[in-house]
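All remarks here apply to the structure that follows.
The values are calculated or read from the model by the stated rules, or taken from the named source; none is laboratory data. From a predicted model like this one, the values you see are computed outputs, not experimental measurements. As a convention, Cβ positions derive from the backbone with ideal geometry for all residues, glycine included, and neighbour counts pool all protein chains shown. Note: accessible area is taken over every heavy atom of the protein model, side chains too, but ligands, DNA and RNA are not part of it. Shrake-Rupley method; radii C 1.70, N 1.55, O 1.52, S 1.80 Å.
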Amino acid sequence: GRRYVPDVLMTTVEVPEEVAVQGSARLLEAHVVRPNRPVSQKLQGGSAEAVASRVSELLPFLEYDLHAQMMMQLKVRAHNAVFALRTQLVVGEGLVALMAVGTSVLLAALPVPQPVRIAAPGAAAGGLAAQVMRASDASRV
């Protein structure tokens with residue numbers, strides 16, 4: 001019988017030579033930034049713990065937004081896999097940033113992503129939505 005095949009593959013390893021890749025590979029970058037509220041002066045003795053606690057609260061939301069960005073980029077490019085994926089978390093005084101870099105490709109063994117369709121006023125004209133749909137359709141050629 002038929003078995004489920006994942007729609008997208010995200011991995012930290014390089015593209016294996018024996019994998020059938022269609023088209024060319026492209027660099028994929030995604031960035032998410034959130035404000036990091038400052039630690040109050042009362043907590044200066046335990047400020048490292050307070051910052052760690054704040055980052056651990058933000059991390060699931062940062063990861064979710066980063067994943068959504070990468071999925072949209074894959075869909076627009078008509079790619080279905082990311083190899084050599086690297087992520088970096090940067091904690092600043094006022095901001096927390098999560099960045100991802102990888103190589104996106106279209107694998108023959110996985111389902112081809114569906115084209116981007118945006119139902120919005122002005123999508124049929126020359127708006128941003130129309131540009132995204134044209135870019136998605138052009139990636140499939």
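Roughly speaking, what is the stretch gain from Arg117 to Glu63, that is 0.36 nm per residue apart minus the C-alpha to C-alpha distance, in nm to one decimal?
Working: separation 54, 0.36 × 54 = 19.44 nm, distance 2.47 nm.
That works out to 17.0 nm of additional length.
Looking at the square roots a ≥ b ≥ c of the eigenvalues of the Cα gyration tensor of region 68-107, which shape do they give, rounded for a/c under 1.5, prolate if a/b is larger than b/c, or oblate? All intermediate terms of the calculation are to be shown ahead of the outcome.
Details: a/c = 5.67, a/b = 2.27, b/c = 2.50.
Oblate shape, in that a/c is at least 1.5 and b/c is the bigger or equal ratio.
Of Arg117, Arg34, the order by accessible heavy-atom surface (1.4 Å probe, DNA, RNA and ligands excluded), from most exposed downward, is Arg117, Arg34.
Ranked from highest to lowest mean number of other Cβ atoms within 10 Å per residue, what is the order of the peptides 24-33, 99-108? Write down the numbers at each step before the final one.
Working: 24-33: 14.8, 99-108: 18.8.
By packing density, highest mean first, the sequence is 99-108, 24-33.
Sorting Ser47, Ser136 on solvent-accessible area from highest to lowest, probe radius 1.4 Å, gives Ser47, Ser136. Accessible surface area normalised per residue over region 61-112 is 48 Å², counting heavy atoms of protein chains with a 1.4 Å rolling probe.
Net charge within 13 Å of Leu27 by Cβ-Cβ distance, Lys/Arg positive one each and Asp/Glu negative one each, not counting Leu27 itself?
+2
Shown are Arg3, Arg37, whose ranking by accessible area with a 1.4 Å probe and every protein chain present, most to least, is Arg3, Arg37.
Assuming R0 = 25 Å, what is the FRET efficiency of Val15 and Ala48, from their Cβ-Cβ distance, to the nearest 0.05? Please list the in-between numbers first.
Details: r = 39 Å, r/R0 = 1.57.
So the FRET efficiency works out to roughly 0.05.
Could you tell me whether region 18-120 comes out rounded, prolate or oblate from its Cα gyration tensor? Rule is a ≥ b ≥ c as square roots of the eigenvalues, rounded for a/c under 1.5, then prolate if a/b exceeds b/c, otherwise oblate. It is prolate, given that a/c is not under 1.5 and a/b is the larger ratio.
FRET efficiency for the pair Met99 and Asp7, taken as 1/(1 + (r/R0)^6) with r the Cβ-Cβ distance and R0 = 22 Å, rounds to 0.40.
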